[in-house]
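Written below as structure tokens is the structure these notes are about.
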Amino acid sequence: DSIPFIQQNDVTILTETNIDKSVSDGATISVEGFIVSRLDRNCHGGGIASYFKSSLRPIELTAKQDEYSRLGLEVNINSINTITWGRSIIVAVYRPPSASKEWFVSFNSLIMDLLPLGRLFIIGDLNANLIKADNYPGNELMTSLALAQCMVHKVFPTRITDHSSACLDIIAVP
């Protein structure tokens, strides 16, 4: 049950939700005191649900989402205002492991479009191992984060198997 986890945070991003339009925002995925912003996909992984404490009054940037969705990005983009950070843009993202190298070209274009709107926070499953950031796609992600003026303060394994460990899921902040 993820509801207590969501309620402990002001913002929670869930990736690979595998939900679609047949699932309403009602009792199934709603959390009292939170606004949910969704990007649905229920095949081959993917899908994003972004939960924001209601007091943050998120504004979903649907035009940008739609524009970059046509370029192959799975992003849920919301603007919030806080006393500490001012206007902030929360970019929830899922990058499939099979994404082409062109994915980062589109992602970098998105970053450049969003930078004038506020400080960027990039959160999600990017399937780019930051433990091996010298190799592709980790090195491309590091370039994107530098462009976004963000950094991941703590890199640790988020996917662990019997034979490997990788940092695929990130929270990058200004």
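Measure off, as a whole percent, the carbon and sulfur share of the 1.4 Å-probe accessible area of the chain, all protein chains present.
53
Counting Lys and Arg as +1 and Asp and Glu as -1, what is the net charge of the other residues whose Cβ lies under 15 Å from the Cβ of ASN81?
+2
Provide the gained length on full extension for the span ALA146 to ASP40, in nm with one decimal, where the gain is 0.36 nm per separating residue minus the Cα-Cα distance.
Working: separation 106, 0.36 × 106 = 38.16 nm, distance 2.84 nm.
Taking 0.36 nm per residue and subtracting the Cα distance, the gain is 35.3 nm.
For a 28 Å ceiling on Cα separation, which of these pairs sit above it: LYS21/LYS64; LYS53/LYS132; LYS21/LYS53; LYS64/LYS132; LYS101/LYS132?
Check vs 28 Å cut-off fails for LYS53/LYS132; LYS64/LYS132.
Rule-of-thumb check for segment 1-145: C-alpha Rg over 2.2 N^0.38 Å?
1.04
Using alpha-carbon positions, what is the distance between the centroids of segment 148-162 and segment 94-135, in Å?
The two parts, judged by their Cα centres, are 13 Å apart.
Express the accessible area of the chain per residue in Å², computed with a 1.4 Å probe while the remaining protein chains stay in the model.
Here the residues of the chain average 54 Å² of exposed surface.
What net charge is computed for the residues neighbouring PRO58, neighbours being all others with C-beta under 13 Å from the C-beta of PRO58, Lys and Arg scored +1, Asp and Glu -1?
Here the charged neighbours net out to +2.
What's the extension gain from ASN135 to ARG159 if we count 0.36 nm per residue and subtract their Cα-Cα distance?
Between ASN135 and ARG159, full extension yields an extra 6.9 nm.
The values are calculated or read from the model by the stated rules, or taken from the named source; none is laboratory data. These numbers come from a predicted model, not from an experiment. Note that we place each Cβ from the backbone using ideal geometry, even for glycine, and neighbour counts take in every protein chain shown. Each accessible area value is taken on the protein alone, full model and side chains, heavy atoms only, with ligands, DNA and RNA left out. Shrake-Rupley method; radii C 1.70, N 1.55, O 1.52, S 1.80 Å.
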